[in-house]
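Written below as structure tokens is the structure these notes are about.
The values are calculated or read from the model by the stated rules, or taken from the named source; none is laboratory data. Please read all numbers here as calculations on a predicted model, not as lab measurements. Every residue, glycine among them, receives a Cβ derived from its backbone with ideal geometry; neighbour counts consider all protein chains shown.
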Amino acid sequence: MVERIWDTPEITGWRRVPAHAVRHDLDGPDRRLSLDGTWRFQLLGNPEQAAGDDWTGIRVPGAWTVQDAGGDDLPHYTNVTMPWPGAPLLLPEHNPTGVYERDFDVPAAWAGRRIVLHVGAAESVLLARVNGVEVGWGKDSHLAGEFDITAAVRVGQANTVRLTVIKWSDASAIEDQDQWWHAGLTRSVFLYSTGTTYLGDLRTVASADGRLQVDARVLTTGSVLPEGWGVTTELDGVPVPRDTAHEQAQIADDRVSDWWAEPRFTTVVPDVVPWSDETPALHTLTVVLHDADGAELDRTENRVGFRDVEIRGLDLLVNGVRVMIRGVNRHDFDPVTGRTVTAEQMRADLVLMKRHGFNAVRTSHYPNDPVLLDLADELGLYVVDEANIEVHDHAHEICDDVRYLPAFVDRVARMVSRDRNHPSVIIWSLGNESDYGANHDAAAGWLRRADPTRPLQYEGAIKDNWTGGIAGSDIVCPMYPTLPQIVEHARSGEQNRPLIMCEYSHAMGNSNGTLADHWAAIESTPGLQGGFIWEFWDHGILQRLSDGRPAGGSFFRDGVADPGYRWAYGGDFGDTPNDGTFCADGLVFPDRTPKPAMDEHRELASPIRISDAGDGLVRIVNRLGFRGLDWLSAVWDVDGSPVPMTLPDLGPGEEAMVPVPGDASWLTLRVSVGQDQPWAPAGTPLASPQIQLRPPVRALAVTAGTPAEVDDDGLLIHPALASSPRLSLWRAPTDNDRIGGQAARWRDLGLVSPSRRVTEIRREADRTVVEAVYETAAGPVLHRQTSRLLQGVVVVQEEVTLPDGLDDVPRVGTVFHVRAGYDEMSWFGHGPRDTYPDRHAGGPVGAYDCRIDDAFTPYLRPQESGGRHGVQRLSLTGPDVPPVELTTGEPRQVSVTRFTAADLDTAAHHDELTPRAEAVVHLDAAHRGLGTASCGPDTLPQYLVTAGVYRWEWSLG
């Protein structure tokens, strides 16, 4: 026996039941006994410390790091860096080790049967004992460990199970994912029972043409299979015949043993509906093992989807159709439990994805809870199933280290063995960010032999050469390439495989700029086939402000967030080293509230596109791959007025011309679900494709009036203003600005609060002219402001010259404060939520209104937020104040919030912010794009604010 299994990478497990696809988590109470609930628990300082008698209670499943029983071992966030320095096997002396214990009674009916302990997930090393007998141990924090405990169990008497979980091990080095470090039993624990002859595994292959092959594996705990056993198989109640030719071939090849049998069943199902993301048709497969008298020995059910996956040339095909992969990366995450998620939570995740146009999930960076795949099968999402291998901090050393060879192969093989029957799984992944070495090729070799029906991918195999690494990846799956890079590769003539980005468009804070530009290129460039946004969740953990510990419960009272809590990120639990807010990089907040970037993706994934065909016609295109439009409904929006319409009968990829429904500047098609879907009831909005039929009318062209009033400093005076308009060149840094390095450069240039010097004030017959200089490290910024008063309305024209040294600034515009009392805002422009120059496809142009307090989006770290793109008119109102009307000459970037840029810049969390009574208004002639530079490309050149002359005008009345 190896004494220190936790630092012996050659050993991956001992006495584990081989991974298999026979389901026992859904067995009835006669065959399954749940052990979830409250266990006895104690936390030791290291694995060699003996457990004592000092027990406390702990919830299973759930990480101890987010429960009070975990003591001072709290969540720890790092991205690349391991939590301790040095070589991977130099484990820290303090190695938290949790001892879980509980009693259980085995049903009397289980006497004489095989009994298995199933531990859904343990982070990171699990040692199992029953009644003092060591029954096995294993590694891999995200796959189940199963142990045959028949010999250790006392039927009809009290039994005790003890599970010891060691936090740090040799396995930690290959589980170095960008997420919180936790520890504990994070998925369900249960017992199940089978006969002594039982179904050991099940494999199904179902093709789009209706061909079905079922391979069952029959095993026994004895030395030989009993005489007369048999297996019957039904699909939707119809028997599937046994393939006797297969068995005869086995016998001829002498490949049948006395204790292992593999009966095969084959059939062809007529008129089958192929499974796809749009048509997730499923069938129930029932497999029963019985004895010579026909009595049932074992049974399992599996859902089958008939579909094909292949790579043909530069295309990934599903059922012969080139599909666009509109994917997102997903962790198993919960802001209270850490990693433990319920079936209801996972369904909510996937429903939200489907409603926002996603059709694919990458299980970053490990096999997710198996229920997720059931739901993906049911709801219709393609899955890239990823092995639990990430060696970020020590990748180069470990990928070729023979000591870790068993772990690489074991993790890939056990994932495939568990998940191979799911139609949703269309691609296997060898892991993430682990360099590329012999260990990967060994795992790939096993996988290709075990499952030739699916392609595999691994970004490390192609990261240095997009035409190489064929042994390790059937797909070019780069991570955060630039848009020019992928387009140039597709046009180079050297591309040899589909290109599907495994990660792109990093969703950290106010982000996902240029998403529309990416999809315009993907859809118009052969060889490009989509990708997976990083990522679905903001990994903020709910933290009590009173004591700084994880909340351990809900922070909602009557549906309203309790102010005594906040979302914690790296460093908030005293964790060192840490990577700060880098875990807050999702499309949804920790409570699953969608960020505005989700609106962007939903629009870009619209099932219908419209365009102006001229001559009073609109072109309507069905962009689906497998369905018509009969399940959708739509209504025209003609400059804000609804006009009924009936969608044309179009098959996948077909188009039709329909007449323009009225005289409109902006024509919008409001598309929604017309017939209830498993993921959305009728009426659920899906997209709002929009076209502009007439150019906007300039709202300002004022050349008359009288001089507007300014103070001695040349600042405009107006009764609604709490502070006069000033030039603004600064924004509260977004996460992309901060981590991408732009914010530091802008500070060095002096853009935060440049000193202002008035050089001239002229009061002419019809206007007031103020000329000023703002001093920056790159030279003076010249500012000229001309203001007139016309019928009580102040009309302002501004001109700013940025010197050559200011070749990339966050904004050029005007900022002022409106006095207290204004609560509501309405505008005409993009909306209803945040939109920016490089992220506004998800905000159709129209008339909108909201409370000023709700105009701000609370990204986990305060930053630039609340912007509305293309605004021409803005109105601020309140119960006891006269309305303020703001009009721009051309569509501009505008924001109205309760915070200044300085307020947001200096706060690390929202509990440190105090909303102002006045409203802070920004009106920008130019605003820099958001990009994704916290991890990946910055915004594109056309969205930069560069040196030169900027002119804009606006009116305030």
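A few notes on this one:
- Among (1) touching a residue at least 40 places away in the same chain (Cβ under 8 Å); (2) part of a strand (DSSP E or B); (3) under 28 Å from His506 (Cβ atoms), the one test that Thr857 misses: (2)
- Subset of the stretch 931-946 that is in contact (Cβ under 8 Å) with a residue 60 or more places away in the chain and more than 8 Å from Thr514 (Cβ to Cβ) - its residue that is surrounded by the fewest Cβ atoms within 10 Å (Cβ to Cβ): Thr946
- Of all residues in the stretch 665-702, those satisfying the criterion of being without any contact (Cβ under 8 Å) to a residue 60 or more places away in the chain and either assigned to a loop (DSSP other than H, G, I, E, B) or under 21 Å from Leu886 (Cα atoms) (or both) are Ser665, Gly674, Gln675, Asp676, Pro681, Ala682, Gly683, Arg694, Pro695, Val697.
- Residue identified as surrounded by 15 or more Cβ atoms within 10 Å (Cβ to Cβ), in contact with a helix residue (DSSP H, G or I) (Cβ under 8 Å, 6 or more places away or on another chain) and within 30 Å of Met82 (Cα to Cα) among Ala568, Ala584: Ala584
- Count of the stretch 769-823 residues which are farther than 20 Å from Thr759 by Cβ, at pLDDT below 95 and part of a strand (DSSP E or B): 6
- Across the stretch 313-327, not a single residue is classified as within 26 Å of Gly120 (Cβ to Cβ), in contact with a helix residue (DSSP H, G or I) (Cβ under 6 Å, 6 or more places away or on another chain) and surrounded by 20 or more Cβ atoms within 10 Å (Cβ to Cβ).
- Among residues of the stretch 482-523, those that are crowded, with 24+ Cβ neighbours inside 10 Å, closer than 19 Å to Ile470 by Cβ and among the hydroxyl-bearing types (Ser, Thr, Tyr), counted: 0
- Subset of the stretch 41-50 [touching a residue at least 12 places away in the same chain (Cβ under 8 Å) and either among the hydrophobic types (A, V, I, L, M, F, W, C) or surrounded by 16 or more Cβ atoms within 10 Å (Cβ to Cβ) (or both)]: Phe41, Gln42, Leu43, Leu44, Asn46, Pro47
- With respect to the conditions (1) more than 14 Å from Glu864 (Cβ to Cβ); (2) hydrophobic (A, V, I, L, M, F, W, C); (3) within 25 Å of the chain's Cα centre (by Cα), Ala933 falls short on a single one, namely (1).
- Options Asp562, Asp575: the member that is outside the structural domain of Ser934 (by TED's automatic domain parsing), modelled with pLDDT of 95 or more and surrounded by fewer than 24 Cβ atoms within 10 Å (Cβ to Cβ): Asp575
The rows are residues; the columns are (1) within 24 Å of Cys583 (Cα to Cα); (2) crowded, with 19+ Cβ neighbours inside 10 Å; (3) touching a residue at least 40 places away in the same chain (Cβ under 8 Å); (4) among the polar types (S, T, N, Q).
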residue	(1), (2), (3), (4)
Gly86	yes, no, no, no
Leu90	no, no, no, no
Pro96	yes, yes, yes, no
Tyr100	no, yes, yes, no
Asp105	no, no, yes, no
Ala108	no, no, yes, no
Gly112	no, no, yes, no
Gly120	no, yes, yes, no
Val130	no, yes, no, no
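- Members of the stretch 740-767 that are at pLDDT below 95, part of a strand (DSSP E or B) and of a type outside the set (D, E, K, R): none
- Matching entry among Trp466, Trp428 (being under 25 Å from Leu285 (Cα atoms), among the aromatic types (Phe, Trp, Tyr) and crowded, with 20+ Cβ neighbours inside 10 Å): Trp428
- Among the residues of the stretch 284-298, those identified as in contact (Cβ under 8 Å) with a residue 60 or more places away in the chain and not in a loop (DSSP other than H, G, I, E, B) are Leu285, Val287, Leu289, His290, Leu297, Asp298.
- Number of residues in the stretch 299-325 that are under 29 Å from Ser141 (Cβ atoms) and charged (D, E, K, R): the value is 2.
- The helices (runs of 4 or more DSSP H) falling completely within the stretch 352-468 that include 2 or more residues that are within 19 Å of Arg203 (Cα to Cα), over 23 Å from the mean Cα position of the chain (by Cα) and among the aliphatic types (A, V, I, L, M) map to 438-450.
- Odd one out for Trp730 among (1) surrounded by 18 or more Cβ atoms within 10 Å (Cβ to Cβ); (2) touching a Leu at 6+ places or on another chain (Cβ under 6 Å); (3) more than 17 Å from Leu806 (Cα to Cα): (3)
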